[in-house]
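Let me begin by presenting the structure, written as structure tokens, before commenting on it.
The values are calculated or read from the model by the stated rules, or taken from the named source; none is laboratory data. Computed from a prediction, not measured in an experiment: that's the story for all the values here. Cβ coordinates were reconstructed from backbone atoms using ideal geometry, including for glycine residues, and neighbour counts include every protein chain displayed.
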Amino acid sequence: MTKKKNENTEGQILEAAKNVFQQKGMDGSRMQEIANEAGINKAMLHYYFRSKQLLFEAVFKNAFSLLAPQLNKILNDDSSVIEKVRNFTSNYITFISKHPYIPTFVIQEINRNPAFIINMKENNSSFPNLDKFKKQVDFDIEKGILKPINAEQLFINILSLSIFPFVAKPLIKALTDVDDARFKQIIKDRKTEVADFIINSIKV
């Protein structure tokens, strides 16, 4: 009974933290705000998570554990490279739209602690694996289906075009002079825009 209660409280904290981090980001969030959102006192919050950093990492790992298997499945199923580009882009942008704090956190954490992602990879069996994707790209190039392109560069292009709007949201809104509603529509459209752009650039 106590174990179940502890799991429920921890899940409640993680959900509250996710909501606060989404609204205010890592730097703008306060542990007291998270405690209030979770409906607990600050002492209990610190009992489960000693610091905001540890809590943020827990939220990130929890979200990543949901995303990683999806991406890994797409990269390693029997679909074509073109289908993989479409499915990966759509799934990734959909997921990050629900967890917009993740790209900024990854960049922040890599700068602060370069070993963080490496440790996650070593301790996560579902961490995305590019081996099959790279072999498919090389095979399609040999068959004349795709233009010559390095598979790693192709994957970086897919990832970069999908991530950048989330990281640079204030800059993009200012440069394009759009409000939040229009920005959300732009992000929604990018699920197909990014895929179309990349596919048109690599197809023979």
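Identify, please: which residue in the range 59-69 is in contact with a helix residue (DSSP H, G or I) (Cβ under 8 Å, 6 or more places away or on another chain) and surrounded by fewer than 17 Cβ atoms within 10 Å (Cβ to Cβ) and is, among those, farthest from residue 104 (Cα to Cα)? Give the steps one after another, and end with the answer.
Of the range 59-69, the ones in contact with a helix residue (DSSP H, G or I) (Cβ under 8 Å, 6 or more places away or on another chain) are 59-64, 66-67.
Add one more test, that the residue is surrounded by fewer than 17 Cβ atoms within 10 Å (Cβ to Cβ), and what stays is 61-62, 66.
Details: 61: 14, 62: 16, 66: 18 Å.
The extreme case among them is 66.
Would you point out the residue of the range 172-199, among those that are over 20 Å from the mean Cα position of the chain (by Cα) and either outside the structural domain of residue 84 (by TED's automatic domain parsing) or of a type in the set (A, V, I, L, M, F, W, C) (or both), that is nearest to residue 143 (Cα to Cα)?
Here the answer is 199.
Which residue out of 109, 83 is surrounded by fewer than 20 Cβ atoms within 10 Å (Cβ to Cβ), acidic (Asp, Glu) and within 17 Å of residue 194 (Cβ to Cβ)?
83
For residue 27, are the conditions met, namely being surrounded by fewer than 20 Cβ atoms within 10 Å (Cβ to Cβ) and either aliphatic (A, V, I, L, M) or in a helix (DSSP H, G or I) (or both)?
So residue 27 passes the test.
Of the residues 158, 202, only one is touching a strand residue (DSSP E or B) at 6+ places or on another chain (Cβ under 9 Å) and either surrounded by 12 or more Cβ atoms within 10 Å (Cβ to Cβ) or within 25 Å of residue 65 (Cα to Cα) (or both); which? If you could, list the steps in order and put the result at the bottom.
On the way: 158 fails: touching a strand residue (DSSP E or B) at 6+ places or on another chain (Cβ under 9 Å).
Only one candidate passes the filter, namely 202.
So which of 148, 170 ends up being at pLDDT 95 or above, out of contact with any Cys (no Cβ under 8 Å at 6 or more places or on another chain) and over 23 Å from residue 71 (Cβ atoms)?
148
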